[in-house]
Amino acid sequence: MNDQLKAILDKAKLNFAILAAILLFAVLGKLIKPEFTNTVFVTADQLVSDLYIVFIAITLGAFIPNFKLVAFGSIASFVGAAILIQLGVFTYLTIDYVFAILIVALGFASIANLYRHYREFGL
């Protein structure tokens, strides 16, 4: 059992790093810029109610074997969208909305990927 847990923790370093980063953003954001952080998490809460993004994130986390592609692809999409928002191409989007999408997608994908690792070891 101990070896299995060690193996899961070893395979899921990126998952825990992403979840820790979301938690760190929540804590530091409340201290540094509470209005932005509150807007992001309220938007993320509304996005979770629209289950389609949750299903997409879970599918990405559970069924794409190389989770690094999911994580870095999501971050790259956020960066690309943020640049296009600043350039005025996406006038109907805001940075906080796109960041909320990133948090929801990465959070649920990380949890689904953790569960996939857990199931691999038959626990």
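Values quoted throughout were computed directly from the atomic coordinates according to the rules given, and no laboratory measurement underlies them. Note that this is a predicted model, so its numbers are computed, not measured. Please note: Cβ atoms are built from the backbone with ideal geometry, for glycine as well, and neighbour counts cover all protein chains shown.
If a residue has to be touching a residue at least 60 places away in the same chain (Cβ under 8 Å), within 17 Å of Phe99 (Cβ to Cβ) and under 16 Å from the mean Cα position of the chain (by Cα) to count, how many in region 9-37 make the cut?
Residues flagged as touching a residue at least 60 places away in the same chain (Cβ under 8 Å), within 17 Å of Phe99 (Cβ to Cβ) and under 16 Å from the mean Cα position of the chain (by Cα) within region 9-37 amount to 4.
Tally the residues that are more than 15 Å from the chain's Cα centre (by Cα) and either farther than 22 Å from Ile111 by Cα or touching a residue at least 60 places away in the same chain (Cβ under 8 Å) (or both), restricting the search to region 38-61.
Residues flagged as more than 15 Å from the chain's Cα centre (by Cα) and either farther than 22 Å from Ile111 by Cα or touching a residue at least 60 places away in the same chain (Cβ under 8 Å) (or both) within region 38-61 amount to 2.
Does region 88-110 contain at least one residue that is without any contact (Cβ under 8 Å) to a residue 40 or more places away in the chain and on the phi > 0 side of the Ramachandran plot?
Yes; the residues of region 88-110 include at least one that is without any contact (Cβ under 8 Å) to a residue 40 or more places away in the chain and on the phi > 0 side of the Ramachandran plot.
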